[in-house]
Amino acid sequence: MSAGGGTKAIVAALGANMAIAAAKFVAFLFTGSSSMLAESVHSVADSGNQALLLIGGKRAERSRTRKHPFGFGRERYFYAFVVAVVLFTIGALFSIYEGWHKISDPHPVEAPQWAFAVLVFAIIAEGLSFRTAIRESRQLKGDHSWFSFIRRAKAPELPVVLLEDFGALLGLIFALFGVSMAVVTGDGVWDGVGTLMIGVLLAAIAIILALETKSLLIGESATPEIEERICAALEGAPEVARVIHMRTLHLGPEELLVAAKIAVEHDDTAAQVAQGIDEAERRIREAVPIARVIYLEPDLYRSSGAPVS
């Protein structure tokens, strides 16, 4: 999977979440804390999500077929969308239910030292995983803000891991808050409050992920910067007078479809037009290497702005 380091970030998150999930389950067995149970389920869901991202990346590498002539690049978007659904149904809804149940029927937290020890360990492990995701994302983020990076990224893996790790760290802080307040006050309701906060947080992250991956699944164009580079490459070809109109579509994170109607000179021969199209395609691929599928339609252009039919 070539996602600018996405695989490394996914594997780091997967290893951290599997270890953390086991530790949290042990802490839940000793403490009976609903916050620890919610966090355990959260980590299990995250581990499954990272496995889904790896599967999606592998399946997207399959060669195109007659039934799928543009390949399977969008499988990565599909599996990222499944991640959002899993995070919402397993992580968020379970945590919200468990929090409501604990608030309705509170119980004191037993052996809280187990919860505190595991939460500190989990915060350190998630922090290291989050640092890896940030480091691997910087080269793709460029000068954009992190919010803009998540909105604009065409490779879904890094934004998913970033949001999951960020949510995991916040969730651990909420769990630490709930357990601490339950121990200090002796009221188990606080444990349920912490669990409920975790559920609401996971629901918010799942909705953000679902909206972003839905947009990618439907089909997104290239960024304005890339479209400008494509236009410049086209109009730089001597046989191309101008670009009449153009459409771009991501077939996958690293595969772009370009369809454009280009104006050619009225007196050009068919051979000159064909040569010009070949040169234009070469210039596009040189300027934008991910432009793998290119369709150019030659036409005439009137000064009024309408192509000659």
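Read the figures in this text as sums done on the coordinates, not as results from a lab. As the structure is a prediction and not an experimental result, all values here were calculated from the model. Because the Cβ atoms are built from the backbone with ideal geometry, glycine has one as well, and the counts that use them run over all protein chains shown.
Remark: the THR89-LEU300 segment gains 70.5 nm on full extension, using 0.36 nm per residue and subtracting the alpha carbon distance. Among VAL243, VAL118, VAL161, the largest mean-square fluctuation in a Gaussian network model of the chain (Cα springs under 10 Å) belongs to VAL243. Binning the C-alpha pair distances of segment 220-284 at 5 Å intervals from 0 yields a P(r) profile of 4, 18, 29, 23, 14, 8, 4, 1 %, listed from the shortest bin outward.
Let me have the 222 nm mean residue ellipticity of the chain computed from DSSP H runs of 4+ only, each contributing -39500 (n - 2.57), with the sum over all residues rounded to the nearest 500.
Numbers: 10 runs with 202 residues, N = 309.
Calculated from helices alone, the mean residue ellipticity at 222 nm is -22500 deg cm²/dmol.
Scanning the chain for DSSP H helices at least 27 Å long along the axis (C-alpha atoms) with a Kyte-Doolittle mean no lower than -1.0 picks out 6-31, 34-59, 112-141, 157-185, 189-218.
Estimated translational diffusion coefficient (Stokes-Einstein, Kirkwood radius over Cα pairs, 37 °C, 0.692 mPa s) of segment 48-185: 186 µm² per second. Once backbone amide H atoms are built at 1.01 Å from N, ILE262 has ILE244, GLU297, ASP299 as its partners under 5 Å, excluding neighbours fewer than 5 places away on the same chain.
Label zone (ARG229, point 7 Å along Cα-to-C-beta; backbone nitrogen cut-off 14 Å) within segment 246-289: 254-257, 283-289.
When every Cα-Cα distance of segment 265-305 is counted in 5 angstrom steps from zero, the calculated P(r) takes the values 5, 20, 25, 19, 17, 11, 3 percent.
The charge dipole of the chain, taken about the Cα centre with unit charges on the Cβ atoms of Lys, Arg (+1) and Asp, Glu (-1), comes to about 460 debye, rounded to the nearest 20. The residue list GLN272, LEU296, LEU251 was ranked by how far each Cα lies along the charge dipole of segment 224-308 toward its positive end, using unit charges on Cβ atoms, and LEU251 comes out on top.
Proximity of backbone amide H atoms, modeled 1.01 Å from N, is registered between LEU251 and LEU256, LEU257 at under 5 Å, excluding neighbours fewer than 5 places apart on the same chain. Straight-line reach from LYS141: which lysines fall under 22 Å, measuring Cα to Cα and dropping same-chain residues less than 8 apart? Qualifying lysines at Cα under 22 Å: LYS8, LYS154, LYS214. Averaging 1/r across all pairs of distinct Cα atoms in the chain and inverting the result yields a Kirkwood radius of 21.8 Å.
In the chain, the DSSP beta bridges split such that about 60 percent are antiparallel, to the nearest 5.
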